[in-house]
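Working notes, structure below.
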Amino acid sequence: MNSTEDENTGTQSGASLDPGRWFWPAALPFLSGLLWLGLGWSGGLFFGVLATLPGALLLASGVALFLWPGDRQISHFMAFGSLLSLLLSIVVFLLVGVLAGLLFAALAVANFLVAGYAAMHQDIPVKGVPVTARGLGMAAKVAIDEALLAYFVSSANVPTGAKVAEDVAEVQALTEVLDENGWLENPADYHRAPDAPDKFELQPRKASGEDFEQLIFDSGFEPVADLPGAERWQKFSGNKKMHAWVFRHSGPPRPWLMGIHGYRMGVPLMDFSLFDVEYLHRRLGLNLILPILPLHGPRRAYKRSGSGYLDGNIVDMLHAETQAAWDLRRVLAWLRKEQSAHEIGVMGYSLGGYNTSLLAGLDADLQCAIAGIPLTDMAAAVWRHMPGLQRRQIESQGLDLAQIQRALTPVSPLALSPLVPKDRRYIFAATGDQLVPTDQALRLWQHWDEPECCWYQGSHLSVRREASVRRFVTSALTRSGLNESDHVAPAVASHA
C-alpha cells in the first residue's frame with residue numbers, strides 16, 4: 001500500500017527518500033530574485049526599495065538552499081518571500097504592465113511551491129510515519145506552514161547575551177527543586193487538583209457573527225513559591241483571570257466538548273474557525289466550551305497573543321503549562337458543578353493537543369481525549385526552530401536539549417500514564433507537518449499504547465480543510481457517545 005492510500009495507519013509506507021546533495025529547483029528563486037532587483041531598481045528609488053524586499057529574500061534563499069542545504073530556516077524565508085512577491089506583483093501590474101504583473105505573479109506561485117518541495121526534500125522520513133505524498137497540492141500545504149514559521153522564528157523572543165546565562169542558571173535551579181521534591185520521578189504528584197470556582201461571570205457576547213457567552217473567573221493558580229521564576233510569573237496580572245467562550249443549547253442536558261486552541265490563538269475569529277461552531281455545536285448538537293490558555297487572547301501579557309508561553313524565559317514554559325493544566329481542570333470542575341455535565345470530551349490542536357494529552361493523564365472521567373496535530377515535547381519543538389547561533393550560545397553555557405526536557409518532565413504528557421481508556425483516546429496528525437515534528441505524534445501514539453490514529457496527507461495549517469480529519473473526529477465523538485445528531489460517521493481504520 002502506498003503512502004497516499006495508507007492515510008490511517010502508523011506503518012512506514014514507501015521507500016526512504018534520499019534528499020541528495022543538490023536541490024536544482026533552487027535556481028528558480030535565485031533567478032526570480034535577480035529579476036526583481038533588476039526590474040525594481042530600473043524603475044526608480046521607490047520601486048527599487050519595494051522590489052528589494054522579495055528580491056533579496058528569494059535571491060538569498062535560492063543561493064543558500066543550493067549551496068548550504070539542511071538549514072531549516074532557508075525554506076521558511078523562501079516561502080515568505082514568495083508570498084511577499086505575489087503581493088507586490090500587483091505593483092508591477094500597475095507600474096509596468098499586465099504581462100509583467102502576470103509573469104511575476106506566476107513566478108511567485110512557482111517559488112512558493114519550490115519552498116514547499118524544499119521543505120519536504122530536507123525532511124528525513126521518520127520510521128513509523130507514512131511517507132508524505134509528493135505533488136503540487138502537498139507542496140502548497142507545506143509552503144503555508146513554512147511561511148508561518150518565518151514569522152514565528154523572526155519574531156520570537158530568543159534569549160541572547162547575558163540573558164542566556166540567567167536562563168541556564170534558572171533551569172539548573174529548577175531541576176534541583178523538582179528533583180528534591182520527587183516531581184521528576186513522580187510528575188503526577190506535582191499537579192494539584194483545583195476546586196470549581198465559587199464565583200464566576202457568564203456574559204453574553206457577539207463576535208465573528210456568533211452569539212455566545214464568555215465565562216470569566218479567578219484562575220486561583222499560584223506557582224510553587226520556591227521554584228525559579230515564580231515571582232516573575234505572578235506579575236502577569238491579566239493572566240490571573242480565566243476566560244472561556246461558551247456555546248450552550250437550551251433544553252435537556254447535552255454532552256460537552258472542551259476545545260483547546262493552539263499557539264497564538266485565543267481570539268474568537270480564529271477559535272471559532274478552528275472549532276467549527278456550525279458543525280460541532282449545531283450539527284452534532286454538542287455544548288462547546290473553548291478555554292483560553294495562559295498568556296493568550298484576553299489573558300495576554302504582551303502585545304501578541306501567546307508571547308511568553310513558548311518563547312522568552314525557558315522556565316516560564318513550565319509555569320505556563322502548569323497553569324494551563326490547573327485552569328483547564330478548573331473549567332472541568334465548573335462544568336461538573338454548575339452545568340451538571342457528566343459527559344465531557346476534550347479535543348485540542350497543536351499546543352491544544354499537548355494540553356489534551358496532559359489532561360488525559362490527570363482526569364480519568366473524560367469521555368474521550370482527541371489530540372490533534374499534537375505538540376508533545378515543547379523543548380524539542382522550540383529547539384528545532386531556534387536559530388542555530390542561539391542554540392550554540394545556550395550549549396556553550398552548559399545547557400542542552402536533554403536538560404531542558406528533563407526540567408519540563410512534570411508537565412510532559414509523555415511522562416504521565418494515560419487515565420482515559422485506550423478505546424477513547426484518539427490522535428490525528430499530518431504527514432507533512434512542518435511546525436510540529438511528526439515524531440512527536442508518533443511518540444504519543446506509542447505512549448498511549450497505540451490507539452486509533454489518523455495520519456492525513458497534509459500540513460499543520462491544512463488541518464481545517466482535511467475531509468479525513470472531520471470524518472475521524474466525527475467517528476471518535478460518535479463512538480464516545482458525544483454525537484447528539486442523527487449522523488453516523490463511516491468507520492475509520494485503526495492505526496494498529
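The values are calculated or read from the model by the stated rules, or taken from the named source; none is laboratory data. Keep in mind that this is a model prediction, so the values were computed, not measured. Please note: Cβ atoms are built from the backbone with ideal geometry, for glycine as well, and neighbour counts cover all protein chains shown. For the accessible areas, the whole protein counts, side chains as well, though only heavy atoms, and no ligand, DNA or RNA atoms are used. Shrake-Rupley method; radii C 1.70, N 1.55, O 1.52, S 1.80 Å.
Per the Debye calculation on the stretch 347-396 with a single equal scatterer at every Cα and no solvent contribution, log₁₀ I(q)/I(0) for q = 0.19, 0.22, 0.27, 0.31 Å⁻¹ amounts to -0.64, -0.73, -0.91, -1.06.
Once the cut-off is 16 Å, how many percent of the Cα-Cα pairs in the stretch 52-165 end up in the long-distance tail? Beyond 16 Å sits 63 percent of the P(r) for the stretch 52-165. Were the residues from E185 through Q122 laid out at 0.36 nm apart, the gain over their Cα-Cα distance would be 19.0 nm. Among A27, L318, A415, whose Cα sits farthest toward the positive end of the charge dipole of the chain (+1 at Cβ of Lys/Arg, -1 at Cβ of Asp/Glu, about the Cα centre)? Most positive-ward Cα: A27.
Which whole-number percent gives the relative contact order of the stretch 161-232, counting Cα pairs below 8 Å spaced six or more residues apart? Each step should come with its number before you reach the end.
On the way: 44 pairs, mean separation 20.2, N = 72.
With pairs under 8 Å counted, the relative contact order is 28 percent.
Plainly put, the stretch 150-309 has a radius of gyration that is 1.03 times its Kirkwood radius, both from alpha-carbon atoms, as the Rg/Rh ratio. Inter-part distance, the stretch 393-462 to the stretch 123-190, computed on C-alpha centroids, equals 10 Å. Taking only the C-alpha atoms of the stretch 283-411, Rg followed by Dmax gives 16.6, 55 Å.
Any idea how many Lys pairs in the chain come in under 16 angstrom at the alpha carbon, given 8 or more places apart or on separate chains?
Working: K199/K240; K199/K241; K199/K337; K235/K303.
Taking the chain as the scope, the lysine pair count is 4.
With each label point set 7 Å from Cα along the Cα-Cβ vector, what nm distance links H342 and S468? My value for the distance between the label points is 3.8 nm. With R₀ fixed at 41 Å, the C-beta to C-beta distance from S237 to A140 puts the FRET efficiency at about 0.45.
Considering the dipole of the chain built from charges on the beta carbon (Lys and Arg +1, Asp and Glu -1) around the Cα centre, which of L184, L83, G259 is farthest to its positive end? Toward the positive end, the furthest listed residue is L83. Here the Kirkwood formula puts the hydrodynamic radius of the stretch 339-496 at 16.4 Å, using every distinct Cα pair. For the chain, the longest principal axis of the Cα atoms and the long axis of helix 315-338 meet at an angle of about 50 degrees. Can you pull the percent of the chain's accessible area that's carbon plus sulfur, 1.4 Å probe, other chains left in place? In the chain, the share of accessible area belonging to carbon and sulfur is 58 percent.
Under 19 Å from a label point 7 Å along Cα→Cβ of E166: give me every residue in the stretch 358-392 with its amide N that close. Within reach of a label on E166: 390-391.
Computed from the C-alpha gyration tensor, the three semi-axes of the ellipsoid equivalent to the stretch 216-365 are 27, 16, 13 Å, from longest to shortest. Name the residue from G101, Y309, Q434 whose Cα lies farthest towards the positive end of the charge dipole of the chain, charges +1 on Cβ of Lys and Arg and -1 on Cβ of Asp and Glu. My answer, from the dipole projection, is G101. Full extension of the chain segment joining D365 with S485 gains 40.9 nm, where the gain is 0.36 nm per residue of separation less the Cα-Cα distance.
With a 1.4 Å probe and all protein chains left in place, how much accessible area per residue does the chain have, in Å²?
Values: 20090 Å² over 496 residues.
Ligands and nucleic acids excluded, the result is 41 Å² per residue.
Note on the chain: with charges restricted to the Cβ of Lys and Arg (+1) and Asp and Glu (-1), its dipole about the Cα centre is near 1220 debye. Charges were assigned to the Cβ only: +1 to each Lys and Arg, -1 to each Asp and Glu. The resulting dipole of the stretch 117-199 about its Cα centre is roughly 720 debye.
Give, in whole angstrom and from largest to smallest, the semi-axes √(5λ) of the equivalent ellipsoid of the stretch 265-337, with λ running over the eigenvalues of the Cα gyration tensor.
Numbers: eigenvalues 132, 54, 14 Å².
Ellipsoid semi-axes (Å, largest first): 26, 16, 8.
Helix 467-479 and the longest principal axis of the Cα set of the chain meet at an angle near 10°.
Using a 1.4 angstrom probe on the protein heavy atoms only, line up M258, M270, M265 by accessible area, largest first. Intermediate results must be reported in sequence, preceding the final value.
Numbers: M258 0, M270 80, M265 30 Å².
Solvent-accessible surface, decreasing: M270, M265, M258.
Rounded to the nearest 20, the size of the Cβ-charge dipole of the stretch 324-426 about its Cα centre is 100 debye, with Lys and Arg at +1 and Asp and Glu at -1. Across q = 0.06, 0.07, 0.09 Å⁻¹, the chain modelled as identical point scatterers on its alpha-carbon atoms has Debye log10 I(q)/I(0) values of -0.29, -0.40, -0.66, in the order of the q list. Once the Cα-Cα distance is subtracted from the 0.36 nm per residue extended length, the A56 to R21 segment shows a gain of 10.2 nm.
To the nearest ten degrees, helix 45-67 and the longest principal axis of the Cα atoms of the chain are 80 degrees apart.
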